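Notes to accompany the following structure.
The values are calculated or read from the model by the stated rules, or taken from the named source; none is laboratory data. Just so it is clear, the structure is predicted and the values come from calculations on it, not from any experiment. As a convention, Cβ positions derive from the backbone with ideal geometry for all residues, glycine included, and neighbour counts pool all protein chains shown. Surface accessibility is based on the protein's heavy atoms, side chains included, excluding ligands, DNA and RNA. Shrake-Rupley method; radii C 1.70, N 1.55, O 1.52, S 1.80 Å.
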Amino acid sequence: MIVCLVLNAEEGMGAPHSPATAASLAVATDSQSAAPLGATAEAEAEAAAKGLASLALSNGGAHTGNGTGACQAAAEAEAEPAGKEANGGGAAGAQAQADGAGAPEPGAPAPRSALTQHMLGVSRAVRAACPHAFIVLWHPAAIEDPHLRIDAFSAGASMVSCFPAHLGEALGQLGGLGTSSPPAPSTSSTASDADPTAPAAPTPSDPTAIPCGAPAAPGACVCAWCGQSGLTADDLWLHQPLYHVYEVNRASPCCACGNRVDNLAVHVHEYHWPGGPRPEVRIPLGSAVIVHRRSDNKFLCVQEFADQGFWVPGGCSDPGEPLTRTALRECWEEVGVEVKLHGVVEVAYRLCPTTGRPTWRLMTFYATIPEGASAQPKTLPCFESAGACWVGADQLHTLPIRSPRIPETWFPHFARGGACPHPLAVPREYLAMFADVPF
Ligand SMILES: [Zn+2]
Ligand SMILES: [Zn+2]
């Protein structure tokens, strides 16, 4: 059984609707009869975004979810006063404090509409009643308000979006669980692995000691987070980031291979690629990118998986990959945009104390999104990130930042109109250090 609930917090869309109708977009479908949604998914997502009271899937066996546990929970939440639960903590709590103190500080969370507060309450209620529901908070500020993203995921949302195409992709993946192939894997690691000030990356168990790749019996997997049963190992590989991208790290037995692992999400990602284990190749070299929207001095940040805060897009290079290509690839994978690189901001490195050779190198680039390019920053959760969001320099002190040095140093610099320190080439003083690396 797949339960998908779209909570529409966008006011004034299409036909007039109350929070009750907006919250009633629950869809339940029998996963055994579900077919991939295909081309109609986007249109259906668009319909959902306009607050229509029902959303019919195109697989024949689907039905709207009125009467499901999810809808009952939504109905119960509906009966509560709007915003009753929304100031319970996180950024919403900070907003309440800011309100109490008078004028909000620069960068403080934006005021919440009653509808948004209400939908966060509905999300909490549905999550409590239905651990395996796929909950989407549909909000016009989905990529503009980092505090909203934090509060929505903390309230149990699986996805925060404002793009019909992304919602269509999510619905397609939900409908195709067990019937579709996942995208080709990248061999790169995540961004913060490349930053010396970032928390240490979780270390997966030795792949040679794990009999992963041996296919689990069909339907033998049970999700450790939500208890969803009847999954194949391939289903689990799709299900885990789609439903639980924001869940914190947990040590747990792996249902697909039986091993107890330190970080189940990383383990599933790396050792249960459909077709067998493909441990990521981590090399101590990479790129980070400061993506600047000059019109309002905002910077595109990655909302990291597992509630690890925000950071700039970036990560380790694949073997032999030029640094500029790493930068472009990481922007596409982590924040979902194609960028234009303008220059080099800085070079960070570590040297071996005995040989003097670099043991770790990170080049940071300055970029913008080309004018006229259709930019829909990533809102579909996957192993790369929970999504993307524009962040102002004055918001950094109000947000969890995975590794603050680069954002805190350079966001204010560029927001003040500062120039990029180097042209788009290896800075002269680092030519020897990068002599072995394609640019
Ligand atoms: Zn689950
Ligand atoms: Zn396993």
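Annotations
- Scanning segment 215-230 for residues that are within 16 Å of ligand 2 (Cβ to nearest atom) and either of a type in the set (Val, Ile, Thr) or at pLDDT 85 or above (or both) turns up 221, 222, 223, 224, 225.
- With respect to the stated conditions, residue 367 fails to be of a type in the set (A, V, I, L, M, F, W, C) and open to solvent by 10 Å² or more (accessible area, probe 1.4 Å).
- Taking residues in segment 391-402 that are in the same structural domain as residue 301 (by TED's automatic domain parsing), and partners anywhere that are open to solvent by less than 50 Å² (accessible area, probe 1.4 Å) and among the acidic types (Asp, Glu), the pairs with Cβ atoms closer than 7 Å and at least 6 places apart or on different chains are 402/304.
- Among the residues examined, residue 248 does not qualify as of a type outside the set (Asp, Glu) and either surrounded by 18 or more Cβ atoms within 10 Å (Cβ to Cβ) or away from ligand 1 (no atom under 16 Å from the Cβ) (or both).
- Breaking point among (1) open to solvent by 10 Å² or more (accessible area, probe 1.4 Å); (2) modelled with pLDDT of 95 or more, for residue 184: (2)
- Here 435, 386 are screened, and the one residue that is over 28 Å from the mean Cα position of the chain (by Cα), of a type in the set (A, V, I, L, M, F, W, C) and over 17 Å from residue 288 (Cα atoms) is 435.
- Selection from segment 227-242 of residues that are open to solvent by 20 Å² or more (accessible area, probe 1.4 Å) and near ligand 1 (Cβ under 9 Å from one of its atoms): 227, 228
- Yes/no for residue 289 being assigned by TED's automatic domain parsing to the domain that holds residue 351 and either out of contact with any Asp or Glu (no Cβ under 6 Å at 6 or more places or on another chain) or within 14 Å of ligand 1 (Cβ to nearest atom) (or both): yes
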